[in-house]
Amino acid sequence: MTNKDASLTLKILTVNTHKGFTVFNRRFILHELRDAIRATGADIVFLQEVLGAHQLHAEKLATWPTTSQYEFLADSIWPQYAYGRNAVYPNGHHGNAVLSKFPIAYHENIDISVGEKEKRGMLHCVLKPPGYDGEVHVVCVHLGLREGHRTAQMGELCKYIDHKVPQQAPLVVAGDFNDWRERGQRLLARNCNLREVFCERHGRVARTFPAHLPLLRLDRIYVRNLLHFEPISLRYRPWSRLSDHAPLAVEIAL
């Protein structure tokens, strides 16, 4: 966090953690993932597909953390965190999480699943950065694989923002949108007044999947009511071997 020209600058990172495993679940790499996230110097981290608990993995893997994955990733760097449980199964559960260096004044997890088979959610947090006279709203999302489901879920996102986020408040919405056909761009711009940071600066949203050779544009960072934002390109290594999704980052000024 820096103070420049009377504005507060924050770095934001979003990454689908793939439950702490490499592609095809070949290797457990949560410790390496934590090192990579730390190295970005992010103030706020959006996580998708992060495990809250998994009894079978805990019994089989010697390096499995004694806490939830989001607490393990937060460690001493991000003292504040919130978790939204989306999918529950016999051995455990997973969902979205937000890690923050600033106080989280409020958080709410919203179930936006369409049907029973594919559980999805969005996690809304209200942050209070020191030195900033106001609140920052962030929403971490993970949308469905079917286009019809995603359209309905983006409609729910816009409806929620309209009711829960003050019109003039700084807002960041980020995560795994699974919007490989890019149909959501116009919908979110028209209905929520959201701008995607890479699209605004480079003319296209970033390629993020698969991480080792990104072809599809699945992950996004949207903003509203910000003085300035600058997307950040992260190094190919080590991210290409830490998840099936490449992460995205942006620096914003309040």
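What the table below lists for this structure:
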item	result
Gain in span if fully extended, Q167 to I77, counting 0.36 nm per residue against the direct Cα distance	29.3 nm
Positive dipole terminus of the chain, leading residue within G52, H107, Y222 (C-beta point charges)	Y222
Solvent-accessible area per residue for the chain (1.4 angstrom probe, square angstrom)	47
Accessible surface of segment 130-198 [probe 1.4 Å, protein heavy atoms]: carbon and sulfur percent	46
Modelled label reach - R27, point 7 Å along Cα→Cβ, segment 44-77 residues with backbone N closer than 19 Å	61-65
Cα convex hull volume per residue for segment 1-84 (Å³)	104
Segment V88-N191, length gained on full extension (0.36 nm per residue, minus Cα span)	33.9 nm
Bridge type composition, segment 101-246 - antiparallel percent by DSSP, nearest 5	80
Long pairs among K119/K159; K19/K119; K19/K60; K60/K119, criterion Cα-Cα beyond 23 Å	K60/K119
Euclidean distance between Cα centres, segment 111-166 to segment 172-218, Å	15
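The values are calculated or read from the model by the stated rules, or taken from the named source; none is laboratory data. Fair warning: this is a prediction, and the values are worked out from it, not measured in the lab. Quick reminder, even Gly has a Cβ in these numbers, built from the backbone with ideal geometry, and neighbours come from all protein chains shown. With ligands, DNA and RNA removed, areas are computed over all heavy atoms of the protein, side chains included. Shrake-Rupley method; radii C 1.70, N 1.55, O 1.52, S 1.80 Å.
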